[in-house]
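Working notes, beginning with the structure itself.
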Amino acid sequence: MSRAYGRLVQAQIRSQTQYRTSFGVDVASCALSTLVEAAVVLVVFRVSPTVGGFGLREVLVMSALAVFAFDLADLLVGNIERLSLYVRKGMLDAILVRPLRVLPQLLATDFALRRIGRVAQSSVLLAVVLVYAAPHWTPARVLMLVLTPIAGCALFAAVFVTGACVAFWFVESGEIANAFTYGGKEFARYPATIYPGLLRRVFGYGVGLALVGYHPALFLTGHADPLGGPDWLAWLSPAVAAFAWLIALLMWRTGIRHYRSTGS
Amino acid sequence: MTATGTMTAIKTETMIEVRDLRKEFTVRRKVGRIRRESRTVAAVDGVALSIARGETVGYIGPNGAGKSTTLKMMTGILTPTSGHVRVCGLEPVPRRRRLAGRIGVVFGQRSQLWWDLPLRESFRLLGFVYAVPRAEHEARLRQCRAMLELDEFMDTPVRQLSLGQRMRGEITAALLHGPDVLFLDEPTIGLDVVSKQSLRAFLAEIGTRGDVTTVLTTHDLADIEHLCRRLIVIDCGQVVHDGTLEALHARYGSRRRVVVDLDEARALDVRMPGVAIEAIEADGRRVTFALDGVPAGELIATIARDGGLRDVSVREPTIEEVVARLYRG
Amino acid sequence: MTFAFARPLRVDHPPDRRARLYRFGALVGAGFRRWSTYRQAALAGLFTNTVFGVMIYSLMRALTEDGRRPGGYDAAQLATYVWVGQGILSVVHAWTWNELADRVRSGDVTADLLRPIDPFEAFLAADLGRAAYAVLARMLVPVLAGALMFTMYIPQRPYTIPLFVLSLILGTVLSFTLRYLVNLGAFWLLDARGLGAVWLLASGVFAGTFFPLRFLPDWAQVVLWFGTPFPGLFQIPLDVVVERPGPAQQIGSVVLQLVWVAILVPLVLRVQRAATDKLVIQGG
């Protein structure tokens, strides 16, 4: 059965690479956008020596971790955004009459290879930033470095899926999801100290986005949390991601039952 | 004796069983400039039907009658509000994936194929999706290619196919995994006359083999006349007729017509029970009679006795007539 | 008996200026009404704009700690910059727009070309209608939300608000013209998505939506301001409303927008002519 999903991904890649010029431009512009995002941090530090009490070194680590995790999630499940299109046009029908699971099938059918350019760039960026920031490596920190992008990716992926589910009830409200997906990435890139209390509580600890960049970066660079959070907080990211997936799948199940198949 | 016994056993195996099926939708309507009112509408309102293995059933009704909604509940796309559905003995929504392997679905207005890839690739992919054994897959594909003449466009990307070609591809796609039940939702919509005919011939061929159960919704009643022994008519979410085409005619009193052309105009004094003059045209030289259970021969013989009869034609009642009356009903 | 629609269609006299203006106005109205049906989308957008507003402003405020003035803005000016910026985001709409490209791909564009109105004019009118609706549905609330949560800069010069309105209209026209240009690419490229991606990136970074362009080194600012039309989309209207430059520069920047419109609109019309010629010759 998993072979079938693999074949779907292959087919999607073949369809996309048919328009060669456009695909090339797509990959290039995706990759470029990661560079631009990294450059934003440098621009910010051009006009201010510290941001939220942190220097360039720490903020770059946060930013690189968060962006890498996000780009990975975006590559794997980002196209679930297209769910609202499927719901609006009733295109989910064709997916539902096949003997495969709906969510993996959709992800495979819409797999956007061009986003690989972005992941490649952000992984290089993470490496460069780590060399520049040069933390004192200990086994725990190495483990944290491996764990954080995986858990972060899982968390962002869950947010993508949960956000997309909104379309089952409110077809035109796709933009709400953007606040948590793209907004979540923006949030996670900068120190949690700069945000007002309510936003920090909801996005940082409610959704768990402070565990994607902020806390792991503090752990890697050996900083204490000025907000008073304990050191071990960064280790909670896998648990938070797992919980987020639980909610995402619950939403998904309920949503599918709610599907109305209009448009014909 | 035993052979007949087995035959009946196969014939009576129920493939689709629907009881008290209901699907409600909440519809939001604009009232005034800002306010909106929501109310519940039953798109399917207590449908019951039972379809045996090998039957080809036409499922018709006016736009918005609940045809597609029923079909979507039978295929596991929509969750019923209440009621009982079993297809191949499975409850569609909870057993969706299992059921999907045993049914084939064609939506006339939606494609199952991969838009940017050649038809051949779509078929290959479906083989993997449905996990069909290679030999079986190839045997069925070979058959469809021959019968539907797919060879000339097997390597064309789907987006470049004509509608008729694409439809032939869609039907093949729905059959490659050897489904027990085939759901066809307006398969002939938008097709030209030739494409319609070849598609009907193919479906008729499948129907006569007797191992595939077919449910067909359509607005083209000629599809029904060519393919279906049994007809289920739905209106306002309820079944208003379930039976043969003949039964439908009988029930709604559709009448055969006899049109006679005379050499010259004259009054025809035909006083037979069950015969009525429906129209007099061409300055009285053409008369149309409507017959209610009277054999046409009797009437023609009566008219011919008086001479001056140039031409006679007998017109069978059309299904359009009955259905239009039923829809308006 | 004759039917009204059986009258012979004659276009001997092209519509005069007034008739053209009426027609344009009617198309703007139609665009407005069309978008006003997407109420859910507008609400969802408001939510997202507000969340992004809080996030971006948090970052900006962090930069003004210890009384710093990044890019020459004070905290209140940055608040106005961010919140009005979130508000006009969907007015200027420098995002993906595929309507024309889709019509080219599907062949529907031939129907547009048969109409007695230039497609650029018709699409522009519809887009201005969309923008007018966005001002009501998408701009006022974020600005109000920002004003309630944070201290915003209130324009002091009497002519600033009318100048801002003009600048915003010019920004929308610029944005539309560039989007249209990208879409015209579909006449030559089978798939214009790549081109759209480049546009999205450029309009995001170089227009001043990520951060005020004044944060950049001087040389980069000069290149962007005079070498590209992008600052005209967001940076100029926003600088006008926060009165960042002196009066002369404030008015001068709007003139710069006008210059870009004067360059780009004839360019688009030429490209469109080349595209339709291609369509006529190759039959699509």
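The values are calculated or read from the model by the stated rules, or taken from the named source; none is laboratory data. All figures in this text were calculated on a predicted structure; none of them were measured in a lab. Here Cβ is always computed from backbone atoms with ideal geometry, including for glycine, and neighbour counts include all displayed protein chains.
Just a few scattered comments:
- Search result, residues across region B:77-92 that are surrounded by 19 or more Cβ atoms within 10 Å (Cβ to Cβ), touching a strand residue (DSSP E or B) at 6+ places or on another chain (Cβ under 8 Å) and free of Cβ contacts under 8 Å to residues at least 40 places away in the same chain: B:P92
- Taking the conditions (1) under 21 Å from C:Y57 (Cα atoms); (2) in contact with a Leu (Cβ under 9 Å, 6 or more places away or on another chain); (3) surrounded by fewer than 22 Cβ atoms within 10 Å (Cβ to Cβ) in turn, C:S203 satisfies each one other than (3).
- Wholly enclosed helices (runs of 4 or more DSSP H) of region B:106-220 bearing at least 1 residues within 30 Å of B:R86 (Cβ to Cβ) and in contact with a Gly (Cβ under 7 Å, 6 or more places away or on another chain): B:134-148, B:163-175
- Among the residues of region B:37-70, those that are within 14 Å of chain A (Cβ to nearest Cβ) and surrounded by 22 or more Cβ atoms within 10 Å (Cβ to Cβ) comprise B:A43, B:V44, B:A65, B:G66, B:K67, B:S68, B:T69, B:T70.
Condition check ((1) within 12 Å of the chain's Cα centre (by Cα); (2) more than 29 Å from C:A275 (Cβ to Cβ); (3) among the aliphatic types (A, V, I, L, M)) across all residues:
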position: C:L63; (1), (2), (3): no, yes, yes
position: C:G67; (1), (2), (3): no, yes, no
position: C:V82; (1), (2), (3): no, yes, yes
position: C:G87; (1), (2), (3): no, yes, no
position: C:V91; (1), (2), (3): yes, no, yes
position: C:D108; (1), (2), (3): no, no, no
position: C:L113; (1), (2), (3): no, no, yes
position: C:D127; (1), (2), (3): yes, no, no
position: C:R130; (1), (2), (3): yes, no, no
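- In the set (1) acidic (D, E); (2) under 18 Å from B:M15 (Cα atoms); (3) within 11 Å of the chain's Cα centre (by Cα), B:D211 fails one condition alone, (3).
- Annotation note: of A:S33, A:S22, A:S15, the sole residue that is within 9 Å of chain C (Cβ to nearest Cβ), in contact with an Asp or Glu (Cβ under 9 Å, 6 or more places away or on another chain), in a helix (DSSP H, G or I) and not β-branched (V, I, T) is A:S22.
- Identity of the residue in region B:284-297, exposed (fewer than 14 other Cβ atoms within 10 Å of the Cβ) and either small (G, A, S) or modelled with pLDDT of 85 or more (or both), that ends up farthest from B:I224 (Cα to Cα): B:G284
- So C:T96, is it β-branched (V, I, T), within 18 Å of the chain's Cα centre (by Cα) and either crowded, with 16+ Cβ neighbours inside 10 Å or within 30 Å of C:A275 (Cβ to Cβ) (or both): yes
- Residues of region C:148-172 classified as at pLDDT 90 or above and assigned to a helix (DSSP H, G or I), total: 14
- For region C:61-74, the set of residues classified as in contact (Cβ under 8 Å) with a residue 40 or more places away in the chain and more than 8 Å from chain A (Cβ to nearest Cβ) consists of C:G72, C:Y73, C:D74, listed by residue number.
- Among the candidates B:F107, B:F128, B:F153, the residue that is crowded, with 16+ Cβ neighbours inside 10 Å, touching a residue at least 40 places away in the same chain (Cβ under 8 Å) and either within 21 Å of B:S198 (Cα to Cα) or out of contact with any strand residue (DSSP E or B) (no Cβ under 9 Å at 6 or more places or on another chain) (or both) is uniquely B:F107.
- Entry remark, region A:192-237: residues being assigned to a helix (DSSP H, G or I) and either surrounded by fewer than 18 Cβ atoms within 10 Å (Cβ to Cβ) or not basic (K, R) (or both) number 30 in total.
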